[in-house]
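The values are calculated or read from the model by the stated rules, or taken from the named source; none is laboratory data. In this text, all values refer to a predicted model and were calculated from it rather than measured experimentally. In this analysis, Cβ positions are derived from the backbone assuming ideal geometry, glycine residues included, and neighbour counts consider all displayed protein chains.
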Amino acid sequence: MNLIQWARSPWGERVPIHISWDLLWAAAIAGALFLIVHAIYVGYWAKPEAESPADSKAAAAAARVPERVARHSLGARLFHWVMAASMFALVLTAFLPKVGVKFSWVTIHWIAGVVLTISVLYHIIHATFWLDFWSIWPDKQDIEDASRRFNRAMGKPAPPPKKFGKYPLENKLFHLSVLFAGLAVIFTGIFMMYRVRTPFFTRNPYLFGDMTWGLMYVLHGLAGVGFVTLIMTHIYFAVRPEKVFLTKSMIFGWISRGKYLEHHDPERWPVGDAAPKARQSKAPEVVT
Ligand code: HEM
């Protein structure tokens, strides 16, 4: 299978023009296989995680947790859903024509691309100055816990892993993948807008040579098909029964005290009055 489609430039040079669209199917099949293998693993093999014993400090921290734990501010939720809508528009406009659904997609595509770009700029500023910036990056404890989990799954002796901070390692790795693929489609997409007519700049297909344009289209396409797998796995986890409370928190902004204590370590993710003052946000009051 050829991963790239090639062509001859007017100067006889062999240049890349796109990825091979077979990669779209490869990405969809990889996503489907992941879902099937994960569902079978969780359903038949995975054992419930043994909990690390709670010490008195942890018990005292648990006692201070409010009934509703604020998880995503309104600004963060709006960003998530604007990004999701633009991603859907981008993936559908890019790939429906490749599987035979013909329509004039380019204008809708670059407009959705501009919406994605603006939403990502907003997110970078919001996360840097208003959110807990470090909560989403893998840390030493995540690596140690992952190795403990792996050893225990292999039947080797290892101490029980700690509960998670705000985000489990899987979510942090997902965020990293979206970050790389997202920056790749945005950087290449902005330049690719010079190849089509937009109100922003004068069309200039000669901005780069054929080889540079070709590599740019290949990178855009590779990151683009990567999103097919990423979106499939993201939606699969969002609807899994044990994760639905997280999906609801992306709508309503909070998780229950019970879910917080079940999955999160109050020392790694301090909430309520224990949270650093700058980040204290309130979940809606519980009406009794
Ligand atoms: C999930 C995100 C995205 C996906 C899946 C995606 C996918 C694609 C694909 C597969 C193509 C066809 C490329 C080719 O013919 O080789 C394309 C073209 C294009 N993309 Fe994207 N893209 C995404 C994000 C963006 C963004 C953020 C922008 C702009 C900021 C953008 C702007 C463009 C433009 C202008 C074209 C048309 C180029 C042309 O027809 O010459 N895309 N995109």
Six or more apart or on different chains, Cβ atoms under 6 Å: show the pairs whose first residue is in the stretch 1-14 and hydrophobic (A, V, I, L, M, F, W, C) and whose second is part of a loop (DSSP other than H, G, I, E, B).
Leu3/Ser20
Check off (1) away from the ligand (no atom under 16 Å from the Cβ); (2) in a helix (DSSP H, G or I); (3) loosely packed, with under 14 Cβ neighbours inside 10 Å for Phe180 and give me the number that stays unchecked.
(1)
Can you tell me how many residues within the stretch 102-126 are closer than 11 Å to Phe79 by Cα and of a type outside the set (Phe, Trp, Tyr)?
9
Just one listed residue, out of Val114, Val65, is touching a Phe, Trp or Tyr at 6+ places or on another chain (Cβ under 7 Å), surrounded by 14 or more Cβ atoms within 10 Å (Cβ to Cβ) and either modelled with pLDDT under 95 or aliphatic (A, V, I, L, M) (or both), and it is Val65
Quickly run through the stretch 150-177 and pick out the residues that are touching a Leu at 6+ places or on another chain (Cβ under 9 Å) and assigned to a helix (DSSP H, G or I).
Asn171, Phe174, Ser177
Only residues that are within 12 Å of the ligand (Cβ to nearest atom) and surrounded by 15 or more Cβ atoms within 10 Å (Cβ to Cβ): list them for the stretch 192-208, please.
Met192, Met193, Tyr194, Arg195, Thr198
Members of the stretch 76-91 found to be away from the ligand (no atom under 16 Å from the Cβ) and either outside any helix (DSSP H, G or I) or loosely packed, with under 15 Cβ neighbours inside 10 Å (or both), listed by number:
Leu78
Considering each of Met232, Met154, Met250, Met211 in turn, give the residue that is surrounded by fewer than 18 Cβ atoms within 10 Å (Cβ to Cβ), more than 12 Å from the ligand (Cβ to nearest atom) and within 19 Å of His123 (Cα to Cα).
Met250
Report, by residue number, each residue of the stretch 147-179 that is among the aliphatic types (A, V, I, L, M) and within 30 Å of Leu222 (Cβ to Cβ).
Leu169, Leu173, Leu176, Val178, Leu179
